[in-house]
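Here is the structure we will look at.
The values are calculated or read from the model by the stated rules, or taken from the named source; none is laboratory data. These figures come from a predicted structure and were not determined experimentally. Note: ideal-geometry Cβ built from the backbone for every residue, glycine included; neighbour counts use all protein chains shown.
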Amino acid sequence: MKHSDGRIFTTHTGSLPRPERLVELLAATVRGGPVDTAELDRLAAASTLDVIRKQAAAGVDIINSGEQSRTSFSTYVTERMSGFGGSWTRRGHRDQNEFPNIARHRAIQLMRDVPQCTGPLEYQRPDLAERELAGLIDGVSQSGAAHQDLFMSAASPGIIALTMGNAHYASHEEYVMALAEEMRKEYELIAAKGVVLQLDCPDLAMERHVAYQDDPIEVFQEVVALHIRAINHAIRNIPREQVRLHVCWGNTEGPHHYDVPLEDILPLVYAANVGALVMEMANPRHAHEYKVYRRIPLPEGMLLVAGVIDTKTNYVEHPEVVADRLRLAVDAVGGDPRRVMAGTDCGFDTSAGSNRVDKDIVWLKLAAMRQGADLASQSYSW
């Protein structure tokens, strides 16, 4: 993956707003109703091209497909992998359990009522991943979008395991390692196209206040360590410089007062064989955690994609605020701006229709990120 060079590069964490009709069709696939697949494919392709153009117009350097063809950032794998069936209800977030009125967005229930693992897993539809990759690569070529690099997000073994319950494997470890071996095929497909692989890993933070909300912190840390081992198994054939890892506390509005502190998980996350971490650093619960990187330094050779845009509010960050956040991040990793990129805290539409930010405001926020990165870049001698 490219490092910032001459200026601080900008990117985001994957999902971007989908048009309403595409959301309706994706929701219909989740419900199992009749769907015009030709219309779905046509809309997904057109929307992918549209978000590629809009990323370039907003000044985003490292761009992707916006996950336009996916029902969500994690459950999409059930369309590509056999072994899932039936229905399973996820536990709610601990803060939302205490304040249920905040869980009002329409995609929440789609994310909680999901299939579970009912048989041996097998990744059977690499053609769907190949089609998504072709949509990105061909879309960039067709649009002429200026960019520095391309990335494609993929769900981590751990978040798949904790999103879709296990009714087949003898243990959670056996389940997550089986997922790692099967998802390896998707990860390697992405890497083989020369595209940066982003692993989406809310299991490494968010699941502390979901699946493990009643357990001691030591139990959760053991799970994080297991999930990192699963990741390393799955990406063993991919150069670490071609992989970045996104850690998330959940892209939900709410108090987030049960979020696990970064210092409790960061040393474990550093064990991942990846070239960059994509981290929340803009929202009010985690904006202070740039200080943690001073106490627990980023490993040599690893980049930090610092969240400077909050994906849960319609406020458009002032470019000076973005620049200040980037300067703090650069200072926290030792003062070298080449080790930092500007990013967003999470995706803008992680499950189709879940966007909390107005679809047009998203592009204002990404443009503000570019302007702020340019301001911060002026602070350094390149």
**Request:** Quick one: which residue in 13, 78 is surrounded by 20 or more Cβ atoms within 10 Å (Cβ to Cβ), part of a loop (DSSP other than H, G, I, E, B) and of a type in the set (Ser, Thr, Tyr)?
**Result:** 13
**Fill in**
Flagged in segment 48-58 as touching a strand residue (DSSP E or B) at 6+ places or on another chain (Cβ under 9 Å) and under 16 Å from residue 348 (Cβ atoms), in numbering order, are 51, 52, 55, 58
**Prompt:** What is the one condition in (1) in a helix (DSSP H, G or I); (2) at pLDDT 95 or above; (3) within 25 Å of residue 346 (Cβ to Cβ) that residue 134 does not satisfy?
**Reply:** (3)
**Message:** For segment 21-37, give me each residue that is modelled with pLDDT of 95 or more and either farther than 29 Å from residue 196 by Cα or in a loop (DSSP other than H, G, I, E, B) (or both).
**Reply:** 21
**Asked** Looking at segment 229-246, which of its residues are crowded, with 19+ Cβ neighbours inside 10 Å and within 12 Å of residue 176 (Cβ to Cβ)?
**Response** 230, 231, 234
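Yes or no, residue by residue, for (1) of a type in the set (Val, Ile, Thr); (2) at pLDDT below 95; (3) more than 19 Å from the chain's Cα centre (by Cα):
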| residue | (1), (2), (3) |
| --- | --- |
| 295 | no, no, yes |
| 311 | yes, no, no |
| 365 | no, no, no |
| 368 | no, no, yes |
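Looking only at segment 256-285, which residues are polar (S, T, N, Q) and either over 19 Å from residue 235 (Cβ atoms) or touching a Ser or Thr at 6+ places or on another chain (Cβ under 9 Å) (or both)?
If we filter segment 256-285 for residues that are polar (S, T, N, Q), which is where we start, we get 273, 283.
Of everything in segment 256-285, just one residue is polar (S, T, N, Q) and either over 19 Å from residue 235 (Cβ atoms) or touching a Ser or Thr at 6+ places or on another chain (Cβ under 9 Å) (or both), namely 283.
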**Message:** What pairs come out if I take residues in segment 118-136 that are under 23 Å from residue 50 (Cβ atoms) and touching a residue at least 24 places away in the same chain (Cβ under 8 Å) and pair them with residues that are surrounded by fewer than 19 Cβ atoms within 10 Å (Cβ to Cβ) and acidic (Asp, Glu) whose C-beta lies under 6 Å away, six or more apart or interchain?
**Reply:** none
**Asked** Going by the conditions given, is residue 267 surrounded by fewer than 20 Cβ atoms within 10 Å (Cβ to Cβ), in a loop (DSSP other than H, G, I, E, B) and modelled with pLDDT of 95 or more?
**Response** no
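Condition check ((1) under 27 Å from residue 61 (Cα atoms); (2) touching a strand residue (DSSP E or B) at 6+ places or on another chain (Cβ under 7 Å)) across all residues:
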position: 133; (1), (2): yes, yes
position: 141; (1), (2): yes, no
position: 145; (1), (2): yes, yes
position: 150; (1), (2): yes, yes
position: 157; (1), (2): no, no
position: 162; (1), (2): no, no
position: 171; (1), (2): no, no
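Mind checking which residues of segment 192-218 are hydrophobic (A, V, I, L, M, F, W, C), within 23 Å of residue 62 (Cα to Cα) and surrounded by 18 or more Cβ atoms within 10 Å (Cβ to Cβ)? Break it down stepwise before answering.
Step one: of segment 192-218, the residues hydrophobic (A, V, I, L, M, F, W, C) are 192, 195-197, 199, 201, 204-206, 210-211, 217.
Imposing the further condition that a residue be within 23 Å of residue 62 (Cα to Cα) reduces the set to 192, 195-197, 199, 201.
Answer for segment 192-218, where residues must be hydrophobic (A, V, I, L, M, F, W, C), within 23 Å of residue 62 (Cα to Cα) and surrounded by 18 or more Cβ atoms within 10 Å (Cβ to Cβ): 195, 196, 197, 199, 201.
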**Request:** Check 285, 338, 356 and return the single one that is out of contact with any strand residue (DSSP E or B) (no Cβ under 6 Å at 6 or more places or on another chain) and more than 23 Å from residue 208 (Cβ to Cβ).
**Result:** 338
**Prompt:** Any idea which residue in segment 53-75 is surrounded by the fewest Cβ atoms within 10 Å (Cβ to Cβ), counting only those that are over 16 Å from residue 198 (Cβ atoms) and not hydroxyl-bearing (Ser, Thr, Tyr)?
**Reply:** 57
**Prompt:** Going through segment 13-54 one residue at a time, which ones are aliphatic (A, V, I, L, M) and touching a residue at least 60 places away in the same chain (Cβ under 8 Å)?
**Reply:** 16, 22, 23, 26, 27, 30, 44, 45, 49, 52
**Selected residue (only one of 250, 307, 301, 275 is more than 19 Å from the chain's Cα centre (by Cα) and of a type outside the set (Phe, Trp, Tyr))** = 301
**Residues that are of a type in the set (Gly, Ala, Ser), more than 27 Å from residue 73 (Cβ to Cβ) and in a loop (DSSP other than H, G, I, E, B), drawn from segment 319-378** = 334, 335
**Asked** With 83, 92, 119, 66 as the choices, which residue is assigned to a loop (DSSP other than H, G, I, E, B) and farther than 30 Å from residue 371 by Cβ?
**Response** 92
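Mind telling me which of the residues 315, 293 ends up being assigned to a helix (DSSP H, G or I) and either in contact with a helix residue (DSSP H, G or I) (Cβ under 8 Å, 6 or more places away or on another chain) or under 19 Å from residue 370 (Cα atoms) (or both)? If you could, list the steps in order and put the result at the bottom.
On the way: 315 fails: assigned to a helix (DSSP H, G or I).
The unique qualifying residue is 293.
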**Request:** Read through the list (1) within 18 Å of the chain's Cα centre (by Cα); (2) surrounded by fewer than 22 Cβ atoms within 10 Å (Cβ to Cβ), then give the number of the only condition that residue 328 fails.
**Result:** (1)
**Message:** Can you list residue pairs whose Cβ atoms sit under 6 Å apart, with the first residue in segment 55-77 being at pLDDT 95 or above and the second being part of a strand (DSSP E or B) and surrounded by fewer than 23 Cβ atoms within 10 Å (Cβ to Cβ)? Count only pairs 6 or more apart in sequence or on different chains.
**Reply:** 62/149
